[in-house]
1. Please state which one of Pro117, Pro130, Pro121, Pro135 is buried (at least 17 other Cβ atoms within 10 Å of the Cβ) and part of a loop (DSSP other than H, G, I, E, B).
2. What residue, of Ala17, Ala43, Ala9, Ala29, is over 24 Å from Met194 (Cβ atoms) and either of a type in the set (A, V, I, L, M, F, W, C) or open to solvent by 60 Å² or more (accessible area, probe 1.4 Å) (or both)?
3. Against the definition (within 17 Å of Met92 (Cα to Cα) and either over 16 Å from the mean Cα position of the chain (by Cα) or of a type in the set (Val, Ile, Thr) (or both)), how does Val67 come out, yes or no?
4. Of a type outside the set (Asp, Glu), open to solvent by 20 Å² or more (accessible area, probe 1.4 Å) and either out of contact with any strand residue (DSSP E or B) (no Cβ under 9 Å at 6 or more places or on another chain) or not in a helix (DSSP H, G or I) (or both): is that true of Pro199 in this structure?
5. Among Ala191, Ala161, Ala180, which is the only one that is open to solvent by 30 Å² or more (accessible area, probe 1.4 Å) and in a helix (DSSP H, G or I)?
6. Residue check, Met211 against (1) touching a residue at least 24 places away in the same chain (Cβ under 8 Å); (2) within 19 Å of the chain's Cα centre (by Cα); (3) in a helix (DSSP H, G or I), all met but one. Which one?
7. With Ala144, Ala161 as the choices, which residue is in contact with a Gly (Cβ under 6 Å, 6 or more places away or on another chain) and of a type in the set (A, V, I, L, M)?
8. With the requirement that a residue be touching a Pro at 6+ places or on another chain (Cβ under 7 Å), over 24 Å from Lys140 (Cβ atoms) and either buried (at least 18 other Cβ atoms within 10 Å of the Cβ) or among the small types (Gly, Ala, Ser) (or both), what does the stretch 48-80 give you?
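The values are calculated or read from the model by the stated rules, or taken from the named source; none is laboratory data. Remember, predicted model here, so these are calculated numbers, not experimental data. Because the Cβ atoms are built from the backbone with ideal geometry, glycine has one as well, and the counts that use them run over all protein chains shown. To get the accessible areas, we keep the full protein, side chains included, count just its heavy atoms, and leave off ligands, DNA and RNA. Shrake-Rupley method; radii C 1.70, N 1.55, O 1.52, S 1.80 Å.
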Amino acid sequence: RLVRDHVDAVNVPDNTAGVVHMSPLAACALLIEEGVDPIMHVACRDRNRLALQSDLLGAATLGVRNVLCLTGDHMVHGDHPQAKPVFDLDSMQLLGLVRHMTREGRYLSGREMKPPPDLFPGAVENPFPPHDFRPLRLMKKVEAGARFIQTQIIYNVERFAAFMGRVRDLGLDRRVPILAGVAPLRSARAARYMRDHVPGMEVPEAIIRRMERAGDERRRREEEGL
């Protein structure tokens, strides 16, 4: 309710980093009731293709249109490392599944669905190493059906600029909107944790040193990026 009049959409993660939270489908339904446009994350880690199709249909029925297609962080990183992974599909195949359901109006089995769901699929991309591979993978996701892209949180702006240069060379910026990830750092300790423990995260040492030098009086201004 606090952000409803100030944002275009709200991301609803799907057990991020393998840590259990409320069902994103239920959370999205609540957001819609509050007048907020949700972006429902759909991870392949916990569901086979039957469950994925069922959840996608359920989302469309409840008025959820934006779906972010993810392979999902492995559960060894989360709070249930003994859980069995599914990974029946990966994010690329999930994008193809959403495109098939929306454009062909059919399940993967070939059975027809009437009416087809009205979904707007997106994907994620990490601009950081291996640098040469990432823009090409982004191109594959666009070709698989992604209609918008969200990136990993960006702290190394120079690296991101180089990534976007290659993306522009491939013409991908003209095919899909690309939303750069932005998030505040609360402390040097948090910065080190993200660098060392969050998969795919790149936090330059210069930023960590800046947070350490800030001291108590300047810490809030550094946290706000001032």
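1. On the way: Pro130 fails: buried (at least 17 other Cβ atoms within 10 Å of the Cβ); Pro121 fails: part of a loop (DSSP other than H, G, I, E, B); Pro135 fails: part of a loop (DSSP other than H, G, I, E, B).
Of Pro117, Pro130, Pro121, Pro135, the one residue that is buried (at least 17 other Cβ atoms within 10 Å of the Cβ) and part of a loop (DSSP other than H, G, I, E, B) is Pro117.
2. On the way: Ala17 fails: over 24 Å from Met194 (Cβ atoms); Ala43 fails: over 24 Å from Met194 (Cβ atoms); Ala9 fails: over 24 Å from Met194 (Cβ atoms).
Answer to the check: Ala29.
3. Values: within 17 Å of Met92 (Cα to Cα): yes; either over 16 Å from the mean Cα position of the chain (by Cα) or of a type in the set (Val, Ile, Thr) (or both): yes.
So Val67 passes the test.
4. On the way: of a type outside the set (Asp, Glu): yes; open to solvent by 20 Å² or more (accessible area, probe 1.4 Å): yes; either out of contact with any strand residue (DSSP E or B) (no Cβ under 9 Å at 6 or more places or on another chain) or not in a helix (DSSP H, G or I) (or both): yes.
Considered against the rule, which asks whether it is of a type outside the set (Asp, Glu), open to solvent by 20 Å² or more (accessible area, probe 1.4 Å) and either out of contact with any strand residue (DSSP E or B) (no Cβ under 9 Å at 6 or more places or on another chain) or not in a helix (DSSP H, G or I) (or both), Pro199 comes out as yes.
5. The unique qualifying residue is Ala161.
6. (2)
7. Numbers: Ala161 fails: in contact with a Gly (Cβ under 6 Å, 6 or more places away or on another chain).
Sole residue among the options that is in contact with a Gly (Cβ under 6 Å, 6 or more places away or on another chain) and of a type in the set (A, V, I, L, M): Ala144.
8. Ala60, Val64, Met75
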